[in-house]
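Below you'll find the structure, written out as structure tokens, and then a few comments.
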Amino acid sequence: MACVGSSRLCARAEKLCQFKHLAQLRRKVSTTCVKSRPRIEHPTNTLIQQCQSRTSTRDCRTNIARMMSSMQTQLPGSVHDYQIDPYRLLDDDLKDVYEDIREVLVRNTTQKELQTIATYYFDGKGKALRPMVAILMARAINYHKERNGLLASQRQVAMISEMIHNASLIHDDVIDQPDFRRGKPSINVVWSQKKVTMTGDYILAVASIMIAQLRNDNVTLTLSQVVTDLVQGEFMQLGSKETENERFAHYLTKTYRKTASLVANSLKAVTMLADADEQLAELAFQYGRNIGLAFQLVDDLLDFVSTLSTMGKPTAADLKLGLATAPVLFACERYPELNAMIMRRFQEPGDVEKAFDLVHKSQGLDQTKFLARKHCIEAMKLAQSLAESPYQKGLQVVCDLVLNRMK
Ligand code: FPP
Ligand code: MG
């Protein structure tokens, strides 16, 4: 993997990673919150200790970047060390999540067709990544606070998170008009735009009822923020910026709002429900933000390498929609002719094929993976600040799953 530390865009991205702020947060949580529980030593711990004993954040960053560039896909202290499967670990918590969501969507209306459309994507075939991470964080935080189990309210947040996600996907399908989602005809193909749009609103409305039932103002504010972020993120995607630097910042903010905010704020919400202090809530938020950003970066990368049969959608779908994601933005540094194509949103005949080719010839895909890995390492370190438990280790394994997923 090429080291991309010299890239201007990557430097900008590093700045946006708020590296220093997070290192302080990790230190605060591990000194003020972790009591006398034993810690398992592994390579990342050593790396952090080495880093913390060094004089400057820049040195630390360079060393981590160097170490990362020599690695292939395994993150330090990852799944290969622990052999934990978070989905298995949470089997009991997760097994009825989709059924419970279907039940609440059916219960809140007597309109048969609305029931059918609203439950169409809750067929149990999704990855359930959001509920899984929310429950994992909830249980890790509960354990950290020396409590066992999962609160009913925390499980509700896991369901709400998946429902908001689904509502946003339904609206997204009205905008993007795809033919398939998760290997089956997308909702917009099966029903009319009007019905599909209202169904998205209905799911969001039922999720809002569930939020209100939690009777926690801070949780309500936190989860409501997600919806404004989602709309703004989607809105930002409709526009573009003139200069390369502006474009990358625009892309990262859009990515946070469209993808990472939901994960970050859901994890913050489950942490607040555990009566945790602000530092712990911030740790959970930052873990989710990093995982969310990495997830979207990998998604944007997969758009260039996977096929209809693996991803459930055709290759280069983003380019075809006129979207310039991280691989293209990175490729622009080497092939400035991409700038004009980005500005016209790949609308001229041959633009999509040419841009696709240039991205593959450039280091854009490596650089995107590099940035995703950086966010996963950051998330991994944040998880390490929590008391050691299977759930805390599961949070680290999630970093691996996100980085190495194939679909
Ligand atoms: C998928 O994007 C879409 C999102 C992650 C969010 C879309 C948000 C809205 C449409 C705003 C409205 C939100 C609500 C809650 C009503 P994608 O097209 O990149 O991914 P895909 O390939 O899965 O379609
Ligand atoms: Mg879409």
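The values are calculated or read from the model by the stated rules, or taken from the named source; none is laboratory data. Being a predicted model, the structure only gives us computed values, none of them experimental. Here Cβ is always computed from backbone atoms with ideal geometry, including for glycine, and neighbour counts include all displayed protein chains.
Inclusion of Tyr87 among residues that are of a type outside the set (A, V, I, L, M, F, W, C) and touching a residue at least 60 places away in the same chain (Cβ under 8 Å) is not warranted. Summed over region 171-187, the residues that are within 22 Å of Val227 (Cα to Cα), more than 7 Å from ligand 1 (Cβ to nearest atom) and touching a residue at least 60 places away in the same chain (Cβ under 8 Å) give a count of 1. For the residues Ser161, Ser78, the requirement of being buried (at least 22 other Cβ atoms within 10 Å of the Cβ) and modelled with pLDDT under 95 singles out Ser78. Is it the case that Ser240 is part of a loop (DSSP other than H, G, I, E, B) and within 16 Å of ligand 1 (Cβ to nearest atom)? Yes: the conditions hold for Ser240.
Residue by residue, here is whether (1) away from ligand 1 (no atom under 14 Å from the Cβ); (2) free of Cβ contacts under 8 Å to residues at least 40 places away in the same chain; (3) of a type outside the set (A, V, I, L, M, F, W, C) holds:
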residue: Arg107; (1), (2), (3): yes, yes, yes
residue: Tyr143; (1), (2), (3): yes, no, yes
residue: His165; (1), (2), (3): no, no, yes
residue: Ser192; (1), (2), (3): yes, yes, yes
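On the stretch given as region 331-350, residues that are within 16 Å of ligand 1 (Cβ to nearest atom) and surrounded by fewer than 17 Cβ atoms within 10 Å (Cβ to Cβ) total 1.
Residues in region 313-363 that are hydrophobic (A, V, I, L, M, F, W, C) and within 20 Å of Thr259 (Cβ to Cβ): Ala316, Ala317, Leu319, Leu321, Leu323, Ala324, Ala326, Val328, Leu329, Phe330. Criterion applied to Gly350, Gly364 was being over 19 Å from the mean Cα position of the chain (by Cα), away from ligand 2 (no atom under 16 Å from the Cβ), among the small types (Gly, Ala, Ser) and closer than 27 Å to Ala264 by Cβ, and the one residue passing it is Gly364.
Within region 306-328, can one find any residue that is at pLDDT below 95, more than 16 Å from ligand 2 (Cβ to nearest atom) and within 21 Å of Asp366 (Cβ to Cβ)? Checked against the condition, which is being at pLDDT below 95, more than 16 Å from ligand 2 (Cβ to nearest atom) and within 21 Å of Asp366 (Cβ to Cβ), region 306-328 yields at least one hit. Within region 145-158, can one find any residue that is within 16 Å of ligand 2 (Cβ to nearest atom), in contact with a helix residue (DSSP H, G or I) (Cβ under 9 Å, 6 or more places away or on another chain) and aliphatic (A, V, I, L, M)? No: zero hits. Looking only at region 103-127, residues that are in contact with a helix residue (DSSP H, G or I) (Cβ under 7 Å, 6 or more places away or on another chain), in a loop (DSSP other than H, G, I, E, B) and under 18 Å from Ala158 (Cα atoms) come to 4 in all.
Checked against the criterion of being touching a residue at least 60 places away in the same chain (Cβ under 8 Å), under 19 Å from Gly292 (Cβ atoms) and either within 21 Å of the chain's Cα centre (by Cα) or surrounded by 20 or more Cβ atoms within 10 Å (Cβ to Cβ) (or both), the candidates Val196, Val227 yield just one match: Val227.
So that you can scan it fast, the table gives a plain yes or no per residue for (1) within 30 Å of Asp179 (Cβ to Cβ); (2) in contact (Cβ under 8 Å) with a residue 12 or more places away in the chain; (3) surrounded by fewer than 17 Cβ atoms within 10 Å (Cβ to Cβ):
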| position | (1), (2), (3) |
| --- | --- |
| Arg289 | no, yes, no |
| Val305 | yes, yes, yes |
| Leu329 | yes, yes, no |
| Val352 | yes, yes, no |
| Leu358 | yes, yes, no |
| Gln363 | no, yes, no |
| Leu382 | no, yes, no |
| Val398 | no, yes, no |
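Within the group Gln193, Gln237, which residue is at pLDDT below 95, within 16 Å of ligand 2 (Cβ to nearest atom) and touching a helix residue (DSSP H, G or I) at 6+ places or on another chain (Cβ under 6 Å)? The unique qualifying residue is Gln237. Give just the number: which of (1) crowded, with 18+ Cβ neighbours inside 10 Å; (2) away from ligand 2 (no atom under 16 Å from the Cβ) does Ile187 not satisfy? With (1) crowded, with 18+ Cβ neighbours inside 10 Å; (2) away from ligand 2 (no atom under 16 Å from the Cβ) applied to Ile187, the lone miss is (2). Evaluating Thr259 against the criteria (1) under 24 Å from Asp172 (Cα atoms); (2) surrounded by fewer than 23 Cβ atoms within 10 Å (Cβ to Cβ) leaves one unmet condition, (2). When Phe180, Phe235 are screened for being in contact with a Ser or Thr (Cβ under 6 Å, 6 or more places away or on another chain) and surrounded by fewer than 18 Cβ atoms within 10 Å (Cβ to Cβ), only Phe180 passes.
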